[in-house]
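Structure, as structure tokens:
Every number in this text was worked out from the coordinates using simple rules, so none of it is lab data. What you are looking at is a predicted structure, and each value in this text was computed from that prediction instead of being measured. Cβ: placed from backbone, ideal geometry, glycine included. Neighbour counts: every protein chain shown.
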Amino acid sequence: MDLLTDLHIHTLVSDGENTTPEILDAAARLGLRRISITDHDAVGAYRHFIGNPFDAARRLGVELVPGIELDTDYGGVEVHLLGYGIDLNHPELNAHLTHIQTQRRQRIRLQAQAINNHFHKQVVDLDAIFLSERDTVMKPHLFRFLVRAGLVEDYKAFKHLLEQHARVDVKMKRPQLHEAINLILRAGGKPVLAHPGYLKKNNLDVHALVKSMSEYGLAGLETDYPYWQPRNPGCSRFPNLESEQRMVEYVRNLASRFNLETTRGSDSHDLDTLEWFNRHRSLH
């Protein structure tokens, strides 16, 4: 596993905090050789900022791989699928992204209104969410407003608030996992299952999933991933580094068994996390 790659990075185009140029500068500073920006249901990180990001990456000595993270459904469970080397202008892929992004905007508008009505004041400022560079609006954007206002302590409390006091009648129609795999393949990319350890931790039969999806063309597993979150222990289902290492080894063995590629990703949403994973963490 090449420790100088990071193939799972988010920008403010979805639920990250930074621009593409900021990510590229940070990657070069950290000595990374190969990265991919994989925003949720969006490819605007490769379009919305000044200059050609691939040219900028090359000047910095970094290979930028076009990527995406699709939210999918597998037996009623939300599963994230990474796609690498995709054609960013593929018509079918872009039609899907436009459809999903429209649904997300509709849901966020209604949820923001419900939250503001519940607290009888403006807690959520939609103008601050609907940035010109942002394609995909998501629940974390609402969560940040509530945390800053001191109205929720953690994401569990936030989810309870949405379910009990801000439930809206907009159902996201996520593609089935096998459909998303085929979409990535048709767009010229390689489909890779994101952070499988979370799925196993949620008691999903990951072995059966990988076996089945391999037949549809699943190309790889994200093996090296920061499941343990010492900087944010309240968000982690992995209590220590040893539990993470056991899961990483399990996923590596699974990839070997089904002859799948392995990838490394920080899943960073800010520069501090990008640096923490790539400078201070080495998974062995």
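Taking GluC sites (Glu not before Pro) as exposed when DSSP calls them loop (any state but H, G, I, E, B) and at most 16 other Cβ atoms lie within 10 Å, what is the longest stretch of the chain free of them, the sites themselves excluded?
Working: sites that count: GLU17, GLU133, GLU153, GLU215.
That would be 18-132.
Quick check on the chain: helices-only [θ] at 222 nm, where DSSP H runs of length 4 and up contribute -39,500 (n - 2.57) each and the sum goes over total residues. Nearest 500, please. Walk me through the numbers on the way to the answer.
Details: 11 runs with 123 residues, N = 284.
Result for the chain: -13000 deg cm²/dmol, rounded to the nearest 500.
What order, most packed first, do the peptides 180-187, 99-106 have when packing is the mean number of other Cβ atoms within 10 Å of each residue?
Values: 180-187: 20.8, 99-106: 16.8.
Highest mean packing first, the order is 180-187, 99-106.
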**Message:** Name the residue from LEU110, PHE158, LEU131 whose Cα lies farthest towards the positive end of the charge dipole of the stretch 96-165, charges +1 on Cβ of Lys and Arg and -1 on Cβ of Asp and Glu.
**Reply:** LEU110
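Taking only C-alpha pairs under 8 Å that are 6+ residues apart, what is the relative contact order of the stretch 96-165 in percent?
On the way: 43 pairs, mean separation 22.9, N = 70.
The value is 33 percent.
Where nothing but the Cβ of Lys and Arg (+1) and of Asp and Glu (-1) is charged, how large is the charge dipole of the stretch 1-139 around its Cα centre, in debye to the nearest 20?
Details: 13 positive and 20 negative charges, 60 e Å.
With only Lys, Arg, Asp and Glu charged at Cβ, the dipole is about 280 debye.
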**Item:** Dipole axis of the chain (+1 Lys, Arg; -1 Asp, Glu on Cβ), positive-most option in ILE35, HIS8, GLY61
**Value:** HIS8
**Message:** If I model a spin label as a point 7 Å beyond the Cα along the Cα-Cβ vector, how far apart are those points for TRP276 and LYS139 in nm?
**Reply:** 2.1
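What does the highest-first list of 110-118, 3-11, 198-206 look like by mean Cβ count within 10 Å?
Top to bottom by mean Cβ count within 10 Å: 3-11, 110-118, 198-206.
Relative contact order for the stretch 119-261: what percent, with Cα pairs under 8 Å and sequence separation of 6 or more? Please list the in-between numbers first.
Working: 110 pairs, mean separation 25.1, N = 143.
The value is 18 percent.
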**Request:** Answer rounded, prolate or oblate for the chain, using the Cα gyration tensor with square roots of eigenvalues a ≥ b ≥ c: rounded when a/c is under 1.5, else prolate when a/b is larger than b/c, else oblate.
**Result:** rounded
**Prompt:** Between their Cα atoms, which of LYS121/LYS156; LYS121/LYS173; LYS159/LYS190 are more than 28 Å away from each other?
**Reply:** LYS121/LYS173; LYS159/LYS190
**Item:** Residue among ALA57, ALA149, ALA28 with the largest mean-square fluctuation in a Gaussian network model of the chain, springs linking Cα atoms under 10 Å
**Value:** ALA149
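Normalising by the residue count of the chain, find the relative contact order in percent from Cα pairs under 8 Å and 6+ residues apart. Walk me through the numbers before you get to the answer.
On the way: 486 pairs, mean separation 64.7, N = 284.
Here the relative contact order equals 23 percent.
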**Request:** Treating only the Cβ atoms of Lys and Arg (+1) and Asp and Glu (-1) as charged, compute the dipole magnitude of the stretch 96-165 about its Cα centre; round to the nearest 20 debye.
**Result:** 120
**Amide H partners (placed H, <5 Å) of GLY16, local residues excluded** = THR11
